[in-house]
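The values are calculated or read from the model by the stated rules, or taken from the named source; none is laboratory data. As the structure is a prediction and not an experimental result, all values here were calculated from the model. Cβ atoms come from the backbone with ideal geometry, glycine included; neighbour counts cover every protein chain shown. SASA here: full protein model, heavy atoms, side chains in, ligands and nucleic acids out. Shrake-Rupley method; radii C 1.70, N 1.55, O 1.52, S 1.80 Å.
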Amino acid sequence: MRSMTLSDPPREPTRTDRLLAALGGLISGYVSLAVAELVAAAVRPEAGPVTAVGGVVIDRTPAAIKNWAIRTFGESDKVVLQLGILAVLAILAAAVGLLALRHRRAGAGAVMAFGVLGALAAVSRPDSSSAADALPSPAGAAVGALLLYVLIGRLLAPERSSPPGRLLAPERSSPPGRTGAPGRRNFLLVAASTAVAATGAATLGRALGGTRSQGAVASRDALRLPRPASPAPAVPPGAQLPVPGISPFITPNKDFYRVDTALVVPKIDADGWRLRIHGPGVTRELTLTLADLTRREVIERDITLACVSNEVGGPYVGNARWLGVRLADLLREAGVRPPSAGGRADQLVARSVDGMTIGTPVEEVMDGRDALLAFGMNGTPLPFDHGFPVRMLVPGLYGYVSACKWIEEIEVTTFDAYDAYWVPRGWAREAPVKTQSRIDTPRPLARPKAGTLAVAGVAWAQHRGIERVEVRVDEGAWQDAELGAEDSRDTWRQWVYRWQATPGRHTLTVRATDGTGAVQTERRADTMPDGASGWHTVVVTVE
Ligand SMILES: Nc1nc2c(c(=O)[nH]1)N[C@H]1C(S)=C(S)[C@@H](COP(=O)(O)O)O[C@H]1N2
Ligand SMILES: [Mo]
């Protein structure tokens, strides 16, 4: 009696085997995608293979073809693209199935290779900010590769010898031409059950990630930023000092700090988005679409944004080039007058789709500063993390009283009538940015060598500007730092002090003077209720 051993030669593949192998490839591909999307739903829906690869395809597609696609498919161009990707993947998956029939390991390896490509696509996306984005595709591919390996193994399983008792008629139970049927039955059983399980996984992923986010991603990809009627002047070359370790003058989107209460970042489909401006301070209510905004006079400005929760020396501050429209113009169209011009409303209450409320003084928004409804950040549509499709920005005010992300409503009212989200939680109603300066380099507890050492960092006092920065070593005299060129009063300014460092332990202290001549206060204040104050110090040991 023969039993199945490793030495049993696999059967010669038949036509049916090839069909089934292609089917196995398709099912493995399907399972890979389903698992990848399930993982992506947990990590970041946009890190899923179809969306990531689609983004790469869009980025790499020449403008002419892109325009053709938009002309031909209109708003469905993203759907067409995704269907196209799925069609290509289906063909590749069937081919991989056939490859696996010849060489099981090679087939499984090919599935893994697609997983790696998916990971590369995901992390290369401009809105990717985490290495976790690389997970979904390889995770899906690993499951798919294993499945393909098993399926092809079942398919090619050699004929089992008949069980005892059937020795006399070994093949009679199977009709002619159905040799290998137990292997195939096994193959079909595994294929069908995993396909069902994958469908469950895909459905779960959908529910987790939310189908709506797909539309939001597509609408963000589709947004063509308008040319500003009033562009920001080029950043003066001297604004960026050539000092290693200093914060870059413009903070890249992926490095820009994020502070919000959203556990899941709102993914708003810009096509359905509306901004309503209403309330007792308004004589003409406005409802605006994103296109209404991008069609208006668009301005571009460099503005530094800071969080009230930033400790002295902390990281919650960043500088970006924003694109948007003047909020004051829209308010005037709605009939809003600032209190100084007899208006009764003194507070704007901005509301986001996730229910955040942010209260901003009408006076500051309408005093001529570049208060924005922004839809662009450093040359891209606002990242979802930073408020896509539209956020507010008011130079000179902390984010929690000015910078509503995912905004959908502005109520023009009074401070008496309404306390915004953070106010009952102990934070100040009004919070202009306090003058601050930060030592970026050397890092705390660094052990630099004696000799010339660049002590450098940034200083900010938005809308007042920075006039001077001084550095003190231990209890020595204040020394003027060299200032980077001023970009605008609304941006931070870099500074550097070239210190002749002597061996020993030293305390470096920095302070700034704003554009009004006021010196940054030494008085230490906690972040609560209206922003930290005090001087930033760094202790180093010079060797
Ligand atoms: N919808 C919404 N907008 C918000 C917040 C929020 O929690 N929800 N946080 C605010 C705070 S406290 C700050 S400091 C800024 C931070 O903006 P950023 O995350 O783009 O840096 O957003 C502001 N806008
Ligand atoms: Mo904040």
Exercise. Could you list, in sequence order, the residues of segment 390-441 that are more than 14 Å from ligand 2 (Cβ to nearest atom), within 22 Å of the chain's Cα centre (by Cα) and in a loop (DSSP other than H, G, I, E, B)?
Worked result: Val390, Trp406
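For segment 451-473, give me the residue count where each residue is open to solvent by 50 Å² or more (accessible area, probe 1.4 Å) and either farther than 24 Å from Cys307 by Cβ or assigned to a strand (DSSP E or B) (or both).
Of the residues in segment 451-473, the ones open to solvent by 50 Å² or more (accessible area, probe 1.4 Å) are 452, 464, 467-468.
Checking the rest, the ones that are also either farther than 24 Å from Cys307 by Cβ or assigned to a strand (DSSP E or B) (or both) come to 452, 467-468.
Residues in segment 451-473 being open to solvent by 50 Å² or more (accessible area, probe 1.4 Å) and either farther than 24 Å from Cys307 by Cβ or assigned to a strand (DSSP E or B) (or both): 3 in total.
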For this session: Give the residue, chosen from Ala191, Ala202, Ala197, that is open to solvent by 50 Å² or more (accessible area, probe 1.4 Å), in a helix (DSSP H, G or I), assigned by TED's automatic domain parsing to the domain that holds Ala42 and farther than 30 Å from Asp440 by Cβ.
Result: Ala197
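May I ask you to verify whether Asp260 is within 30 Å of Ala40 (Cα to Cα), open to solvent by less than 70 Å² (accessible area, probe 1.4 Å), of a type outside the set (Gly, Ala, Ser) and out of contact with any helix residue (DSSP H, G or I) (no Cβ under 7 Å at 6 or more places or on another chain)? Reasoning before the result, please.
Numbers: within 30 Å of Ala40 (Cα to Cα): yes; open to solvent by less than 70 Å² (accessible area, probe 1.4 Å): yes; of a type outside the set (Gly, Ala, Ser): yes; out of contact with any helix residue (DSSP H, G or I) (no Cβ under 7 Å at 6 or more places or on another chain): yes.
Criteria met by Asp260.
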For this session: Output the residues belonging to segment 485-531 that are of a type in the set (Gly, Ala, Ser) and more than 22 Å from Asn310 (Cβ to Cβ).
Result: Ala485, Ala501, Gly504, Gly517
Seminar exercise, completed: Taking segment 308-326 and the residues there that are away from ligand 1 (no atom under 11 Å from the Cβ) and closer than 16 Å to Trp535 by Cα, the one that is most open to solvent (accessible area, probe 1.4 Å) would be Glu311
For this session: Please specify each residue of segment 383-432 satisfying the condition of being away from ligand 1 (no atom under 11 Å from the Cβ) and closer than 16 Å to Met528 by Cα.
Result: Val423, Pro424, Arg425, Gly426, Ala428, Arg429, Glu430, Pro432
Exercise. Identify, please: which residue in segment 369-389 is in a helix (DSSP H, G or I) and more than 13 Å from ligand 2 (Cβ to nearest atom) and is, among those, surrounded by the fewest Cβ atoms within 10 Å (Cβ to Cβ)?
Worked result: Asp385
For this session: Please work out which residue is farthest from Arg438 (Cα to Cα), limiting yourself to segment 222-251 and to residues that are in contact with a strand residue (DSSP E or B) (Cβ under 8 Å, 6 or more places away or on another chain) and either within 16 Å of ligand 1 (Cβ to nearest atom) or outside any loop (DSSP other than H, G, I, E, B) (or both).
Result: Ser230
For this session: Being under 30 Å from Val43 (Cβ atoms) and not aromatic (Phe, Trp, Tyr) is the filter here, so list the residues in segment 263-292 that pass it.
Result: Leu263, Val264, Val265, Pro266, Lys267, Ile268, Asp269, Ala270, Asp271, Gly272, Leu290
Exercise. Only one of (1) touching a strand residue (DSSP E or B) at 6+ places or on another chain (Cβ under 9 Å); (2) among the hydroxyl-bearing types (Ser, Thr, Tyr); (3) surrounded by 15 or more Cβ atoms within 10 Å (Cβ to Cβ) is not met by Thr527, so which one is it?
Worked result: (1)
Exercise. Would you say Ser213 is modelled with pLDDT under 90 and assigned to a loop (DSSP other than H, G, I, E, B)?
Worked result: no
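Within 14 Å of ligand 2 (Cβ to nearest atom), farther than 29 Å from Trp495 by Cα and open to solvent by 10 Å² or more (accessible area, probe 1.4 Å), is that true of Met366?
no
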Exercise. In segment 18-121, which helices (runs of 4 or more DSSP H) lie fully inside it and hold 3 or more residues that are at pLDDT 90 or above?
Worked result: 77-102
Seminar exercise, completed: Of (1) assigned to a loop (DSSP other than H, G, I, E, B); (2) more than 16 Å from ligand 2 (Cβ to nearest atom), Asp354 fails just (2)
For this session: For segment 252-273, state whether one or more residues are more than 13 Å from ligand 1 (Cβ to nearest atom) and of a type in the set (S, T, N, Q).
Result: no
